[in-house]
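Scroll down for the structure; my scribbles are underneath it.
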Amino acid sequence: MSALLLSPTSHIPLKPEAECIPSLDKCLDKEELKQVHARMIKTGLILDAIPASRLLVGLCGASDAGSLTYALMVFERIQNPNTFMWNTMIRSLSNGSNPEEAILLYSQMLHDAVPHNSYTFPFLLKACANLPSAAAETQQIHCHIIKTGFALEACTTNSLLHVYAKSGSILSASQLFDSIPCRDTVSWNSMINGYARSGKIEMARELFDQMENKNIISWTTMIAGYVENCLCKEALELFREMQAMDIEPDTVALASVLTACAHLGALDQGRWIHAYVKKKQIGLDPVLRCVLMDMFAKCGELDEALAVFRNTKERNVCMWTAMIAGFAAHGQGREALDLFADMERTGIKPNGITFTGVLTACSYAGMVEEGKSIFERIAKDCNMSPSVEHYGCMVDLLGRAGLLKEAEEMIKTMPVKPNAAVWGALLDACRVHRNFELGRRVGKILMDLEPKQSGRYVQLAGILAAEGCWDEAAAVRNLMKERGAAKLPGCSSISLSGCVHEFVAGDRSHRQTEEIYLEWDNILRRLKKGGYVPLTENLLLDLGEEEEKETAIHCHSEKLAIAFGFITTKPGATIRIVKNLRVCSDCHVVSKLISKVYSRKIIMRDRTRFHVFMNGQCSCGDYW
DNA sequence: CTAGGGTTAG
């Protein structure tokens with residue numbers, strides 16, 4: 001550091017082009033900027049506010065983290081930095097990896113009594129927006145904004161509104177929104193985003209409908225809001241409305257729509273977007289590539305996902321993670337691990353989500369040893385503390401493999417508090433490996449932890465019923481009713497030419513209901529001729545007669561969706577179904593038989609993974 | 001030199 005101060009007396013020969021101060025307009029790298037700095041010190045130009053500012057801007061604009069540190073050092077040595085210089089530093093820190101430093105710098109600015117200008121608060125508020133939780137700071141800054149009179153400036157107030165909206169402080173956001181004298185499009189958009197983020201999607205839509213000057217961001221905000229609230233069907237509908245109004249979607253809008261397609265398994269619509277992007281020659285930026293790839297993977301088209309992946313030169317961590325997760329969901333553990341190794345060779349650092357994907361892959365493929373060693377690397381090599389999700393993956397991995405004791409031990413010794421998902425993984429393992437005693441205990445824990453989650457009661461009741469403890473099982477079901485735990489209905493959807501058809505068990509709401517049930521009867525008859533016997537053992541007990549049980553499983557949502565697929569697609573065409581819960585054993589058997597008897601490929605994505613039924617086999621190897 | 005929308009898991 002001192003060398004820099006001494007540099008005026010040094011005798012390092014300068015390159016001829018460094019004789020004059022290079023223009024900072026073009027991007028210089030850190031070394032070049034250091035030379036400029038040295039030259040400025042030599043000539044005394046560093047004392048001049050304008051060139052000094054330009055140097056700071058140049059350093060802050062360089063992409064490497066070291067430049068920012070260097071910029072801070074230069075800044076600290078400037079005698080009385082002006083507002084512009086403070087702003088520049090605050091802006092840079094706000095977007096860095098430690099946004100709280102921007103707030104610290106701001107308090108220094110206050111301490112030095114440097115006046116604010118119109119740019120100060122928007123930069124500073126960016127730091128609040130980038131922090132996971134800065135509610136107290138935001139409130140204080142809000143006070144400063146009022147005191148200094150900047151509340152009258154649209155940019156400042158909109159920035160503040162954005163922070164409140166983004167952090168879910170919906171009350172503060174709406175109060176502020178109401179107080180703004182002339183709300184502009186930006187204010188409205190932020191408010192819509194705020195409502196959507198706090199789950200008040202109807203409020204968001206209300207605002208959206210009231211809005212007079214919607215722009216593409218308004219539309220995208222609303223579409224993304226639907227996606228975030230798991231209302232992907234609505235997201236696609238709104239997108240269609242947008243197109244009907246001849247509003248051209250941009251990259252961001254398309255990315256949101258693709259995300260919706262991914263969740264819905266709406267391959268046709270996803271492909272349409274892909275074609276649209278090509279036709280309009282819209283550039284595939286990293287995010288768009290990633291969601292496109294993810295859409296293919298989530299629609300069961302791993303090959304197409306891989307094609308997008310391979311076509312991408314600079315892959316970021318999201319891209320790698322999404323591809324790994326794609327393999328994991330298809331039970332292709334080896335491929336996922338190979339990809340993970342490639343990723344590390346490329347020098348891309350895995351994050352917590354990457355590890356979730358890799359561990360899931362190990363779990364579904366029964367790769368216990370590999371999973372254990374990856375898990376240990378989270379802390380050892382990557383210096384991260386495993387999250388509760390990672391422990392959940394491990395419990396799942398051990399539990400599936402039948403290592404129930406080890407799984408339980410992991411829960412007992414894990415340093416983070418086990419959540420319901422962790423216990424749920426163990427409970428599921430108890431079901432699969434028929435460990436009733438442990439299952440009972442875990443079930444009790446879960447019902448205390450999540451008294452409103454019907455799935456847990458159903459899970460436990462199933463375990464008890466399988467053991468023949470009908471009374472106990474009935475008691476669990478009654479408890480569920482007493483506690484008012486609403487049963488999440490199983491829902492399967494199938495998407496055809498841009499339209500998503502949803503079915504719940506026993507559904508008769510579809511306009512082709514009669515046809516669907518007739519088709520199902522036909523399928524059933526043919527399967528029974530081939531020797532199919534309905535698997536009613538997993539059914540819950542309130543249905544006494546075997547016949548009733550059969551009726552109940554025969555209107556399972558995935559069966560209705562398959563029947564609908566049969567009457568709407570050509571013989572031999574692949575049927576794609578997305579289910580919100582796990583697929584039941586009987587539906588699994590039936591799907592395998594159908595794939596053989598009718599030579600149909602059925603791709604079924606359930607809550608956690610893919611089942612690809614072909615020639616009487618399932619890609620999960622009957623282990624799920 | 002300022003504000004608003006999009007990516008990987010659960």
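The values are calculated or read from the model by the stated rules, or taken from the named source; none is laboratory data. Not measured: the values here are computed from a predicted model. Note that we place each Cβ from the backbone using ideal geometry, even for glycine, and neighbour counts take in every protein chain shown. For the accessible areas, the whole protein counts, side chains as well, though only heavy atoms, and no ligand, DNA or RNA atoms are used. Shrake-Rupley method; radii C 1.70, N 1.55, O 1.52, S 1.80 Å.
Things to note:
- Residue-level accessible surface for A:Leu449, protein heavy atoms, 1.4 Å, Å²: 70
- Length-normalised contact order of region A:492-618 in % [C-alpha pairs under 8 Å, at least 6 apart]: 26
- Modelled label positions at A:Leu496 and A:Leu449, each set 7 Å beyond Cα in the direction of Cβ, lie 4.1 nm from each other.
- Using a cutoff of 8 angstrom between alpha carbon atoms and counting only pairs six or more residues apart, the relative contact order for chain A works out to 6 percent.
- Computed from Cα positions, the angle between helix A:557-568 and the longest principal axis of chain A comes to roughly 90 degrees.
- Accessible surface of A:Thr251 - all protein chains present, 1.4 Å probe, nearest 10 Å²: 40
- 0 to 90° range, to nearest 10: angle between helix A:251-264 axis and chain A longest Cα axis: 20
- Sparsely packed loop sites in region A:460-498 (the trypsin sites (Lys or Arg not before Pro) outside DSSP H, G, I, E and B with at most 16 other Cβ atoms within 10 Å) comprise A:Arg483, A:Lys487.
- Within the straight-line cut-off of under 17 Å between alpha carbons, the lysines reachable from A:Lys481 are A:Lys444, A:Lys452, sequence neighbours fewer than 8 places apart in one chain being disregarded.
- Solvent exposure of region A:492-618 amounts to 47 Å² per residue of accessible area, where only protein heavy atoms count and the probe is 1.4 Å.
- Area accessible to solvent at A:His274, 1.4 Å probe radius, in Å²: 40
- Set against the 2.2 N^0.38 Å expectation for a compact globular protein, region A:291-371 has a Cα radius of gyration ratio of 0.98.
- Atom-type composition of the exposed protein surface of chain A places 54 percent of the accessible area on carbon and sulfur (1.4 angstrom probe).
- Cα gyration tensor shape of region A:492-618, rounded if a/c is under 1.5, else prolate or oblate by comparing a/b with b/c: rounded
- Ignoring the sites themselves, chain A has its longest run without GluC sites (Glu not before Pro) in a DSSP loop having at most 13 other Cβ atoms within 10 Å at A:315-536.
- Distance between the modelled labels on A:Arg271 and A:Asn522, one decimal in nanometres: 2.4 nm (7 Å Cα→Cβ projection).
- When all protein chains stay in place and ligands, DNA and RNA are ignored, the 1.4 Å accessible-area order of A:Thr148, A:Thr69, A:Thr569, largest first, is A:Thr69, A:Thr148, A:Thr569.
- Label-point gap, in nm, between A:Leu479 and A:Gln243 - each point 7 angstrom along Cα→Cβ: 5.0
- Based on C-alpha pairs under 8 angstrom that are at least 6 apart in sequence, region A:214-314 has a relative contact order of 24 percent.
- Separation between Cα centres of region A:354-399 and region A:490-518, rounded to whole Å: 38
- For region A:210-301, the list of trypsin sites (Lys or Arg not before Pro) that fall in a loop by DSSP and count at most 15 other C-beta atoms within 10 angstrom reads A:Lys280.
- Pairs beyond 25 Å (Cα-Cα), from A:Lys529/A:Lys596; A:Lys126/A:Lys233; A:Lys380/A:Lys412: A:Lys126/A:Lys233
- Separation of region A:240-268 from region A:162-193 is 25 Å, based on Cα centroids.
- Global geometry of chain A, whether rounded, prolate or oblate, following the gyration tensor of its Cα atoms and the 1.5 cut on a/c: prolate
- Helix A:185-197 axis, angle to chain A major axis (alpha carbon atoms, nearest 10°): 40
- Charge context of A:Ala486, other residues only, Cβ under 15 angstrom, K/R +1, D/E -1: +4
- Sparsely packed trypsin sites (Lys or Arg not before Pro) within region A:549-616, loop by DSSP, other Cβ within 10 Å at most 12: A:Arg607
- Where only DSSP H runs of four or more residues are counted, chain A gives -20000 deg cm²/dmol as its mean residue ellipticity at 222 nm, each run worth -39500 (n - 2.57).
- Region A:281-382, accessible area per residue, ligands and nucleic acids excluded (1.4 Å, Å²): 44
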